[in-house]
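The structure appears right after this line, and notes come after that.
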Amino acid sequence: MYISTQPQTTDISLAPENEEIIKATLPIVGGAIEDITPVFYRTMFKKHPELLSDLFNRGNQRSGEQQKALAASIATFASMLVNPDAPDPREMLSRIGHKHVSLGITEDQYQIVHDNLFAAIVEVLGEDVVTPEVAAAWDEVYWLMAKVLIDFERNLYRSADVADGDVFRTVTLQEKKQLSHNVVEFTFNGVNFSDALPGQYVSIGVELSDGARQLRQYSIVGTTEETFTVAVQRDGEVSSFLMDELETGSQVEATLPAGDLVLQDDDAPVILVSQGIGSTPMAGMLAALVARSATGGVPSVTAIHADAAPETYAQRDITESQVSALAENGEARHIVRYRDNGETVELAKMAEEGLIPQGAHWYLCGGSNFLQNLRDQLAEHSDALSPKEIHFELFSPNDWLI
Ligand SMILES: Cc1cc2nc3c(=O)[nH]c(=O)nc-3n(C[C@H](O)[C@H](O)[C@H](O)COP(=O)(O)OP(=O)(O)OC[C@H]3O[C@@H](n4cnc5c(N)ncnc54)[C@H](O)[C@@H]3O)c2cc1C
Ligand code: HEM
């Protein structure tokens, strides 16, 4: 298991001459990310086709928005280096580092990303803008950020006692269970992931019919010492492959559990808010809370879930039984809102009805619009909701996080 540390961002600074250059060119580079990104990936995948077929999510490559995340995060990091009031990017770096270790990224690959990204920046902005001085300043930004990530990722690998990048394990499908029309639960054996932190995910790798090895992340909903279980909703190529091609006994690759949206180990109330298949990390956290309640006290738990209709809420029964188990020894409630009934998640209204404990850890997971809406509600009604901390997971890279 990875021991959760934080990326180290203190004491990082740019050479004074580069600071001025970054300040002056940040608007130009930041404003050109949408043009730089496709050129970067196109050149990198031309030289290293194996990265697109076997490592990068080729579904994300079809979506410009998700493609932007890598380059946009460098611009965000640059703004933190030159603006003392900018927020510390530790949360962003932690998310990236966990994603990288879940894919087995290693230090040597940083040079490949560097070379292709910088070639793209020159191609898009031209050598008049990207003078040798400007290139040197951005180089320093890149390697400062790369170093934070490389160190953080190496620490994670070390803490799990594995060599850098050695995270792939072969697992065998033990059981496949249909939870709803388009959600199937898969239980794999062959590894002991029982020390995964509640809320973490694994990357599952499959070989598709054209020979590409594609990886996708799936949150762990439960473990034993021999098995782990994920719940997958049908979407594009990998989820459909899992549903249509895997039978009991089939083997796939799974990586060591990673991810920093994890249940905090304190007594503050827990509020889980999910939508659709975003219920999976919550199910993992509820399972851990139920296990904890067998041996000691657990905080008050409020599980709020939004879905289209009762029959599309794949984890309804399991959540209901987990919440009932928690309610036997403490305070726990399950609140559902179904869109087909015209219902929405209105947090301020729930607070007025006395359903929202104060000073809670909030864990949010769902689609991009849902999460943005929740974050707006939490900001607008911060007095009534008074969260202790807000943690969230998005199932796709997204540059508004950055
Ligand atoms: C941390 C994390 C945890 C996650 N946990 C879970 C989980 O527990 N359960 C779960 O089900 N999922 C989870 N996901 C999402 C999962 O990793 C995959 O993203 C999801 O299964 C879709 O992958 P896919 O290969 O099926 O779809 P992809 O082929 O990657 O396609 C993704 C989407 O893009 C669309 N698309 C593809 N190509 C095109 C195109 N040319 N034009 C337009 N649209 C296109 C597809 O229709 C689809 O909607 C998680 C993701 C993350 C990051
Ligand atoms: C300083 C250098 C780097 C930065 C700033 C960076 C940044 C990012 C960001 C922001 C994400 C999205 C995280 C998320 O929201 O899920 C990401 C994901 C990813 N990164 Fe990196 N990264 C860097 C280096 C690398 C390297 C060297 C590789 C390996 C070649 C790599 C491979 C990936 C992959 C495969 C993903 C998953 C997304 C996908 O498959 O589409 N990254 N990175």
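What number of residues in the stretch 327-345 are free of Cβ contacts under 8 Å to residues at least 60 places away in the same chain and under 27 Å from the mean Cα position of the chain (by Cα)? Here the count works out to 9. Within the stretch 22-39, residues that are closer than 17 Å to Tyr142 by Cα sit with their Cβ atoms under 8 Å from residues that are at pLDDT below 95 and among the polar types (S, T, N, Q), at 6+ positions apart or across chains, in these pairs: Leu26/Ser79; Gly30/Ser79; Thr37/Gln67.
Using the structure shown, decide if Ser321 is surrounded by fewer than 19 Cβ atoms within 10 Å (Cβ to Cβ) and out of contact with any strand residue (DSSP E or B) (no Cβ under 8 Å at 6 or more places or on another chain). Yes, satisfied.
Which residues, taken from the stretch 100-141, are touching a Pro at 6+ places or on another chain (Cβ under 9 Å) and either part of a loop (DSSP other than H, G, I, E, B) or under 21 Å from Leu81 (Cα atoms) (or both)?
Looking only at the stretch 100-141, we keep the residues that are touching a Pro at 6+ places or on another chain (Cβ under 9 Å), and these are 102, 120.
Result: Ser102, single match.
Candidates in the stretch 78-116 are the residues that are more than 13 Å from Ala146 (Cα to Cα) and of a type in the set (Val, Ile, Thr); of these, the one that is farthest from ligand 2 (Cβ to nearest atom) is Val82. Checked against (1) touching a residue at least 12 places away in the same chain (Cβ under 8 Å); (2) surrounded by fewer than 16 Cβ atoms within 10 Å (Cβ to Cβ); (3) under 20 Å from the mean Cα position of the chain (by Cα), Ser73 passes all but a single condition, namely (2). If only residues of the stretch 38-65 that are of a type in the set (Ser, Thr, Tyr) and part of a helix (DSSP H, G or I) are counted, the one that is modelled with the lowest pLDDT is Ser53. Listed by first and then second residue, the pairs linking a residue in the stretch 360-389 that is within 19 Å of Met285 (Cα to Cα) to a residue that is in a helix (DSSP H, G or I), with Cβ atoms under 6 Å apart and 6 or more places separating them unless they lie on different chains, are Leu364/Leu371; Leu364/Leu374; Cys365/Gly278; Cys365/Pro281; Gly366/Gly278. Evaluate the following for Ala86: is it surrounded by fewer than 17 Cβ atoms within 10 Å (Cβ to Cβ) and more than 16 Å from ligand 1 (Cβ to nearest atom)? Yes: the conditions hold for Ala86. Touching a strand residue (DSSP E or B) at 6+ places or on another chain (Cβ under 9 Å) and modelled with pLDDT of 95 or more: is that true of Phe168 in this structure? Here the answer is yes, as Phe168 does meet what is asked. The set of residues in the stretch 246-274 being crowded, with 24+ Cβ neighbours inside 10 Å and of a type in the set (S, T, N, Q) consists of Ser274 alone. Scanning the stretch 135-180 for residues that are within 16 Å of ligand 1 (Cβ to nearest atom) and polar (S, T, N, Q) returns Gln178, Ser180. Taking the stretch 192-208 as the range and being of a type in the set (Gly, Ala, Ser) and either buried (at least 24 other Cβ atoms within 10 Å of the Cβ) or in a loop (DSSP other than H, G, I, E, B) (or both) as the test, the residues that pass are Ser194, Ala196, Gly199.
A residue that is away from ligand 2 (no atom under 11 Å from the Cβ), over 30 Å from Ser239 (Cβ atoms), in a loop (DSSP other than H, G, I, E, B) and among the charged types (D, E, K, R) cannot be found anywhere in the stretch 17-24.
The criterion of at least 2 residues that are of a type in the set (S, T, N, Q), within 16 Å of ligand 2 (Cβ to nearest atom) and at pLDDT below 95 is met, among helices (runs of 4 or more DSSP H) falling completely within the stretch 344-402, by 368-380.
Looking across the stretch 232-245, the residues that are touching a residue at least 40 places away in the same chain (Cβ under 8 Å) and more than 6 Å from ligand 1 (Cβ to nearest atom) come down to Arg234, Leu242, Met243. Residues in the stretch 84-101 that are modelled with pLDDT of 90 or more and over 13 Å from Pro397 (Cβ atoms): Leu93, Ser94, Gly97, Val101.
Out of the stretch 156-171, which residues are surrounded by fewer than 18 Cβ atoms within 10 Å (Cβ to Cβ) and assigned to a helix (DSSP H, G or I)? Those that are surrounded by fewer than 18 Cβ atoms within 10 Å (Cβ to Cβ) and assigned to a helix (DSSP H, G or I): Arg158, Ser159. Flag not set for Pro397, criterion: touching a residue at least 40 places away in the same chain (Cβ under 8 Å) and either more than 24 Å from the chain's Cα centre (by Cα) or farther than 29 Å from Phe77 by Cβ (or both).
The values are calculated or read from the model by the stated rules, or taken from the named source; none is laboratory data. A quick note: this is a predicted structure, and the numbers were derived from the prediction, not measured. Here Cβ is always computed from backbone atoms with ideal geometry, including for glycine, and neighbour counts include all displayed protein chains.
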